[in-house]
Amino acid sequence: MGPMMDADLVFAKARNSGARIGVGATPKDIEKVRHSVAEAERSGYGQCIIYLEPAALALDLREDRIDAAVRGNMDSNLAMRAVRHEFEVDHLLRMALLQPPSGSLFFFAPVGVDEGQTVTQRLEFAVLGAKLMRRLGLEPSIGVLSGGRKSDRGRSALVDRTLDEAAELVSICQQAGLRAKDCEILIEDAAKECNLIIAPDGISGNLVFRTLHLLCEGRALGAPILNLDAVFVDTSRAKSSYADSIALAAALARMD
């Protein structure tokens with residue numbers, strides 16, 4: 001079993017960080033961001049600056065005028081496009097930090113519907129996700145999901161493919177010195193035993209994220225972008241407050 005996480009770990013690392021955090025907002029819903037910023041600053045998570053323009057947020061992050069960025073309720077497509085342009089990357093890898101209503105925090109990916117379509121792409125999540133966790137002082141324990149139990153083999157070509165790919169990914173992770181386990185389709189066991197979970201693809205990962213966070217009222221602290229030389233925490237516009245995402249950004253900035 002991997003070391004379990006608690007939100008208090010993130011908050012403790014963020015407190016008194018002195019970080020300068022850029023937070024994205026849309027003009028029509030800026031009050032939610034203002035309230036989140038006030039809450040974060042009262043909690044000691046750093047000094048927050050609100051941005052209305054995605055390009056300005058991405059530029060200031062690249063130029064080190066801010067220590068970290070949080071998307072807030074800024075339009076996702078515009079924000080991600082600005083980050084890709086400013087940092088000159090052709091794709092972004094986001095890993096969500098989730099907590100079921102009665103359970104421990106765990107990192108989870110892929111959550112973008114167009115992400116994690118191959119074993120190679122999911123390996124990138126595992127390797128970079130493990131690196132991020134170690135920056136927080138956590139030793140990663142990786143649970144790899146597939147589309148069924150091993151006993152389901154033969155019922156569906158698609159399920160068989162996910163079983164084969166999960167076994168391949170676990171083997172590669174272990175050869176790379178990472179602790180990894182094939183959890184089949186048993187996400188309920190993976191969430192108890194592992195602190196970094198890899199979904200079969202971005203579509204199923206996005207469905208898990210939305211089910212846990214939006215239907216079951218689980219906590220979603222945010223989704224750090226793994227393949228940037230900077231701290232950018234993506235968020236869901238459905239969140240009632242971004243203070244915990246600001247804390248996550250401050251904690252990661254402090255580790256740099």
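Read-outs: derived from the displayed coordinates by stated rules, not from any lab. Because the structure is predicted, anything quoted here is derived from the model rather than measured. Using ideal geometry, Cβ is built from the backbone for each residue, glycine included, and neighbour counts are taken over all protein chains shown.
Numbers at a glance
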{"item": "Between helix 76-87 and the chain: long-axis angle, C-alpha atoms, 0 to 90°, nearest 10", "result": "80"}
{"item": "Peptides 187-199, 209-221 ordered by average Cβ neighbours within 10 Å, highest first", "result": "187-199, 209-221"}
{"item": "21 Å Cα-Cα reach of residue 150 towards lysines, excluding residues that sit fewer than 8 places from it in its own chain", "result": "181, 192"}
{"item": "About the Cα centre, charge dipole magnitude for the range 1-132 (Lys/Arg +1, Asp/Glu -1 at Cβ), debye", "result": "220"}
{"item": "Net charge of neighbours whose Cβ lies under 13 Å from the Cβ of residue 187, counting Lys and Arg as +1 and Asp and Glu as -1", "result": "-2"}
{"item": "Amide H within-cut-off set for residue 180, under 5 Å, with H built and near neighbours excluded", "result": "142"}
{"item": "Around residue 127: net Lys/Arg minus Asp/Glu count, Cβ-Cβ under 14 Å", "result": "+4"}
{"item": "Mean separation of Cα contacts under 8 Å, 6 or more apart, over the residue count of the range 95-222: relative contact order %", "result": "42"}
{"item": "The range 95-222: projected area of the alpha-carbon convex hull, averaged over directions, in nm²", "result": "7.3"}
{"item": "Inter-probe distance in nm under a simple model that places probes 7 Å from Cα toward Cβ, at residue 53 and residue 214", "result": "3.1"}
{"item": "Share, in percent, of DSSP beta bridges within the chain that are antiparallel, nearest 5", "result": "30"}
{"item": "Mean Cα-pair separation over length for the chain, i.e. relative contact order, pairs under 8 Å, 6 or more apart, %", "result": "30"}
{"item": "Full-extension gain in nm, residue 9 to residue 78, via 0.36 nm per residue minus C-alpha separation", "result": "21.7 nm"}
{"item": "Magnitude of the charge dipole, the range 95-222, Cβ model with Lys/Arg +1 and Asp/Glu -1, debye to 20", "result": "280"}
{"item": "Estimated inter-spin distance, residue 91 and residue 131, nm [label 7 Å along Cα→Cβ]", "result": "1.6"}
{"item": "Separation of alpha-carbon centers, the range 13-59 and the range 145-179, rounded to whole Å", "result": "40"}
{"item": "Charge sum, other residues only, whose C-beta stays under 15 Å from residue 177's C-beta, Lys/Arg counted +1 and Asp/Glu -1", "result": "+3"}
{"item": "Fully extended contour minus Cα-Cα distance, from residue 29 to residue 207, at 0.36 nm per residue", "result": "61.5 nm"}
